[in-house]
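The block underneath contains the structure these notes are about, expressed in structure tokens.
The values are calculated or read from the model by the stated rules, or taken from the named source; none is laboratory data. Bear in mind that the values here come from a model prediction, so they are computed numbers and not experimental data. All Cβ positions, even for glycine, are placed from backbone atoms using ideal geometry, and neighbour counts span all protein chains on display. The protein model used for the area step is the full one, side chains on, heavy atoms only, and it has no ligands, DNA or RNA in it. Shrake-Rupley method; radii C 1.70, N 1.55, O 1.52, S 1.80 Å.
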Amino acid sequence: MSRQIKTLIPFTFLMLIIGCADKNTEENRTKFDKILGAENVETVDYLVSDFENDFLKRQYPNLDTENAYRQFLTEHRDDNTEKWNSISQKARNKFKASKLRLEMYEFPDSVWILKNSTFDKIESDSLPFVDIPFPYIKSRYKYTNPNGTTDYTYSRSYRENISETHYDSIINQEMNSPRFNYIGKYLQALESIKNKSNFHQEFYDKKRSLGVLYPMLADVMLLENIDLNDKLNRRLIVLELIY
């Protein structure tokens, strides 16, 4: 076998490996996009583009995009963010008005402040709770099923020294406080890419069990040395650490 042929075989094998890796990446991105939906994908791509072309370029003008992402993760991990320029208000408004926001997070449709547990009741989905002699917050979440029926879940939270003079501001704050949406398309899209790597499997598992992974995620991404040129990974960074 000639030296040229011997050299060609490993080179061809390497190209096959690279080709398979690229195909796998494209297949995962296609699955992610299909589940999330065209409108939500457009929003994600806008947010990522804004982050790269506005925030990263202003924050790290001397770094290329890959190294700017790495520096962002490093500073995020080290909690060295006091000199960061803010994400553009236009991008934040875009996310706030988008359907994507409601695929990632849920918000209560009703909030009450109960003086004590004698004013409360146990709903069908609730576990029994102990008597609470002081004021606390009760929130209701509404779900519309595919068949058009409606279900509700409830949560209860506590703060020290809830005063009646602050009821309105507390209720308004709770109405606008996000909770991770465990039945939204975002988590479903993450499930579709969990086999992409060990990192993505662990990321999905933790997301499904904990919901919010901030601020530990930057540290994990750096330790796992994820590919910062990968479009899916860039999406995860922007969605998880910015929005």
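For Gln173 paired with Arg92, estimate the spin-label separation in nm (one decimal), with each label point 7 Å from Cα along the Cα-to-Cβ line.
Using points 7 Å along Cα→Cβ, the separation is 1.8 nm.
Probe radius 1.4 Å, ligands and nucleic acids ignored: give me the carbon and sulfur share of the accessible area of the chain as a rounded percent.
52 percent
Build a GNM of the chain with springs between Cα atoms under 10 Å: which of Thr65, Thr153, Thr43 gets the top mean-square fluctuation?
Thr153
Let's test the formula: R0 of 45 Å, r as the Cβ-Cβ distance of Glu52 and Phe134. What FRET efficiency results, to the nearest 0.05?
Calculated transfer efficiency: 0.40.
Can you compute the charge dipole magnitude of the chain about its Cα centre, using +1 on each Lys and Arg Cβ and -1 on each Asp and Glu Cβ, nothing else charged? Give it in debye, rounded to the nearest 20.
Using Cβ point charges on Lys, Arg, Asp and Glu, the chain gives about 500 debye.
Would you mind getting me the FRET efficiency between Asn80 and Ile183? Use the beta-carbon distance for r and R0 = 35 Å, nearest 0.05.
Taking R0 as 35 Å, the efficiency between Asn80 and Ile183 is 0.45.
Tell me, what is the percent relative contact order of the chain, built from C-alpha pairs under 8 Å that lie six or more residues apart?
Over the chain, the number comes to 25 percent.
What's the angle, to the nearest 10 degrees (0 to 90), between helix 231-241's Cα axis and the longest principal axis of the chain?
30 degrees
Output the pairs from Lys138/Lys206; Lys31/Lys142; Lys121/Lys194; Lys96/Lys231 with a Cα-Cα distance over 31 Å in this structure; if there are none, say none.
Lys121/Lys194
Tell me the Kirkwood radius of the chain: reciprocal of the mean inverse pair distance over distinct alpha-carbon atoms, in Å.
The Cα-based Kirkwood calculation yields 21.2 Å.
Looking at the chain as a GNM with Cα springs under 10 Å, which of Lys83, Lys96, Lys185 has the largest mean-square fluctuation?
For the chain, modelled as a Gaussian network with Cα springs under 10 Å, the answer is Lys83.
Of Gly37, Pro215, Gln173, which is farthest along the charge dipole of the chain in the positive direction, counting Lys and Arg as +1 and Asp and Glu as -1 at C-beta?
Gly37
Counting only heavy atoms of the protein chains, get the accessible area per residue of the chain (1.4 Å probe) and round it to a whole Å² value.
Heavy-atom SASA per residue in the chain reads 61 Å².
Quick one: length gained pulling Leu102 to Ser157 fully straight, 0.36 nm per residue minus the C-alpha distance?
17.6 nm
So which residue, out of Gln89, Gln71, Gln59, gets the largest mean-square fluctuation from a GNM of the chain using Cα contacts under 10 Å as springs?
Gln89
Counting other Cβ atoms within 10 Å of each Cβ, which GluC sites (Glu not before Pro) in the range 160-231 have at most 16 and sit in a DSSP loop?
Glu160
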